[in-house]
1. Mind checking which residues of the stretch 70-92 are more than 28 Å from THR124 (Cβ to Cβ) and not basic (Lys, Arg)?
2. Where in the stretch 1-69 are there helices (runs of 4 or more DSSP H), lying wholly inside it, with at least 3 residues that are at pLDDT 90 or above?
3. Identify, by number, the condition in (1) over 25 Å from SER26 (Cα atoms); (2) charged (D, E, K, R); (3) touching a helix residue (DSSP H, G or I) at 6+ places or on another chain (Cβ under 7 Å) that ASP142 doesn't meet.
4. If I filter the stretch 70-87 down to residues being in a loop (DSSP other than H, G, I, E, B) and modelled with pLDDT of 95 or more, which single residue comes out as nearest to the chain's Cα centre (by Cα)?
5. Residue pairs, Cβ under 9 Å, 6 or more apart or interchain, first in the stretch 124-140 and on the phi < 0 side of the Ramachandran plot, second acidic (Asp, Glu) and surrounded by 10 or more Cβ atoms within 10 Å (Cβ to Cβ). List them.
6. Scan GLY143, GLY130, GLY161 and give me the residue that is open to solvent by less than 90 Å² (accessible area, probe 1.4 Å), in a helix (DSSP H, G or I) and either touching a Phe, Trp or Tyr at 6+ places or on another chain (Cβ under 8 Å) or at pLDDT 80 or above (or both).
7. State which residue pairs qualify: first residue under 15 Å from THR47 (Cβ atoms) and open to solvent by 70 Å² or more (accessible area, probe 1.4 Å) and inside the stretch 66-83, second residue outside any strand (DSSP E or B) and among the hydrophobic types (A, V, I, L, M, F, W, C) in any location, beta carbons under 6 Å apart, and separation of 6 or more residues or different chains.
8. Give the residue that is farthest from ARG40 (Cα to Cα), with candidates limited to residues of the stretch 110-124 that are open to solvent by less than 100 Å² (accessible area, probe 1.4 Å) and either among the charged types (D, E, K, R) or in a helix (DSSP H, G or I) (or both).
Amino acid sequence: MHVDTTTAADADEPGARGEVCSIQRSLDILGQKWAFLIVRNALRGTTRFSDFRKELGIPTDVLSARLSTLVDAGIFERESYQETGSRIRHAYRLTRRGQELKVVLAALQQWGEENRPAPGVPATYIQERGGGNVQVAMLDEDGHVLDIDDVRLVPAEVARGIRSRASTGTHPVDEARPGQG
């Protein structure tokens with residue numbers, strides 16, 4: 001059984017335990033609620049700073065900082081525009097990388113609807129053509145839906161070992177399952 005010996009100081013130090021995990025790298029950009037709410041509103045069509053501020057009730061300095069981080073990360077592109085008689089302003093458009101966050105937000109929303117329901121009818125994701133409902137699911141490499149209990153998160157080196165043993169026909173060992181040993 002693996003025991004995590006990471007200290008609080010280690011947790012803040014990228015690379016303290018080798019390569020920083022992709023979840024941590026993602027949270028470095030998206031780890032504050034405002035980032036996700038800005039992306040959510042952009043997915044609904046919001047592009048202007050003043051509209052983000054008004055819709056979210058977010059302080060101007062926080063919005064400016066979050067948008068800068070999201071632009072630097074390639075999630076948004078900043079485009080200049082100017083209305084007649086006004087100064088130059090910026091619109092923020094999601095890049096392909098930003099659009100891919102639909103999956104993350106849909107998963108958060110689906111979890112929230114199932115585990116933190118609120119009264120009323122929530123916004124939902126639908127298919128562009130036909131309007132059918134959409135669900136987030138775990139799929140195997142052949143596209144088959146997996147039960148959540150059949151999926152586990154393991155370190156990369158453990159996954160390589162399991163895949164290697166599976167490709168040679170030997171039974172993978174559950175060395176990464178907590179409590180097994």
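1. As a first pass, look at the stretch 70-92 and keep what is more than 28 Å from THR124 (Cβ to Cβ): 71-72, 78-90.
Result: VAL71, ASP72, GLU79, SER80, TYR81, GLN82, GLU83, THR84, GLY85, SER86, ILE88, HIS90.
2. Numbers: elements: 8-11, 22-30, 33-43, 49-56.
In the stretch 1-69, the matching helices (runs of 4 or more DSSP H) lie at 22-30, 33-43, 49-56.
3. Result: ASP142 fails condition (3) only.
4. Across the stretch 70-87, the extreme among qualifying residues is ILE75.
5. Partner pairs satisfying both residue conditions: THR124/GLU113.
6. Details: GLY143 fails: in a helix (DSSP H, G or I); GLY130 fails: in a helix (DSSP H, G or I).
Only one candidate qualifies: GLY161.
7. As it stands, the answer is ARG78/VAL71; SER80/ILE88; GLN82/ILE88, since those pairs meet every condition given.
8. Going through the qualifying residues, I end up with ASN115.
The values are calculated or read from the model by the stated rules, or taken from the named source; none is laboratory data. These figures come from a predicted structure and were not determined experimentally. When we count neighbours, we look across all protein chains shown, and the Cβ atoms used for this are built from the backbone with ideal geometry, even at glycine. Each accessible area value is taken on the protein alone, full model and side chains, heavy atoms only, with ligands, DNA and RNA left out. Shrake-Rupley method; radii C 1.70, N 1.55, O 1.52, S 1.80 Å.
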